[in-house]
Amino acid sequence: MSGSTVYYVAQSLDGFIADRDDALDWLLAFGFDDFQQQYDAFVSGVGAIVMGAGTLRWLAAEGEPWGYTGTPTWVVSGSDTLPAIDGAQYEQVADPVTAIGAARAAAAGRDVWVVGGGRLAGSLVDAGLLDRLHLTVMPVTLGTGTRVLPHSAASIPWHLESATPIGSAGAVELRYRVRSS
């Protein structure tokens, strides 16, 4: 299905995307060789990105390179100052609804990737703007941290499209779409 707004993210078994210190060491310990094929297939369908400011700050703090060159990107932040990352090109917007509208137009029928940010993804659920979830569930529990999808909307029904084991580490990719009413 093209033209969807997709939250593509890894989570722990107990539903966290970052640990209590907002760190991803638990995830990075798995390495990414087993996941590259799924990632490449997903990214090939992406036409635009909407990112939370916390994800951008994490990339800058970790010295991560900008991996989204050539893909129109919006960073949702009410802050006046966001960190600079070499090669990064993005538009800063305060409102996630505005960001999704602009990203959908720029994506020209391809998917909009919601990169990181459980709060951002949750706000999109609340606004009825998140169409699909691609969750890679990693075989680890964190106990506390940043929730994968905190939202305040009433119960949201999702339809499982696929469940795919990945590599030998015990990870599973789950793909869901919002059920139409």
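The values are calculated or read from the model by the stated rules, or taken from the named source; none is laboratory data. Computed from a predicted structure; not experimentally measured. Here the Cβ is made from the backbone with ideal geometry for all residues, glycine too, and neighbour counts use every protein chain on show. Surface areas here come from the heavy atoms of the whole protein model, side chains and all, with no ligands, DNA or RNA. Shrake-Rupley method; radii C 1.70, N 1.55, O 1.52, S 1.80 Å.
Brief remarks on what is shown
- Max mean-square fluctuation residue, GNM over the chain, Cα-Cα springs under 10 Å, options ALA102, ALA61, ALA88: ALA61
- Calculated Rg and Dmax of the range 37-93 using C-alpha coordinates, Å: 11.7, 37
- Relative contact order of the range 11-157, pairs being alpha-carbon contacts under 8 Å that are 6 or more residues apart, as %: 36
- Of GLY117, GLY87, GLY145, the one that fluctuates the most in a GNM where the chain has Cα springs shorter than 10 Å: GLY87
- Every helix of 4 or more DSSP H residues in the chain counts as -39500 (n - 2.57), and over all residues that averages to -6500 deg cm²/dmol at 222 nm.
- Ranking PHE30, GLY116, PRO150 by Cα position along the charge dipole of the chain, where only Lys, Arg, Asp and Glu carry charges on their C-beta atoms, puts PRO150 farthest toward the positive end.
- Sulfur and carbon atoms: percent of accessible area, the range 27-125 [1.4 Å]: 51
- Within a Gaussian network of the chain (alpha carbon springs, distance under 10 Å), most fluctuating of SER44, SER12, SER77: SER44
- Distance histogram for the chain (every C-alpha pair counted, 10 angstrom bins, percent rounded to whole numbers): 9, 37, 41, 12, 0
- Rg/Rg_globular for the range 1-70, with Rg_globular taken as 2.2 N^0.38 Å and Rg from C-alpha atoms: 1.20
- Under 5 Å, built H, 5+ apart or other chain: amide partners of VAL114: VAL6, TYR7, TYR8, VAL50
- The residues of the range 102-181 present an accessible area of 48 Å² per residue when probed at 1.4 Å with all protein chains retained.
- Considering all C-alpha pairs of the range 120-181, those separated by over 19 Å amount to 41%.
- Backbone N under 13 Å from the LEU13 label point (7 Å along Cα→Cβ), restricted to the range 134-157: 137-143
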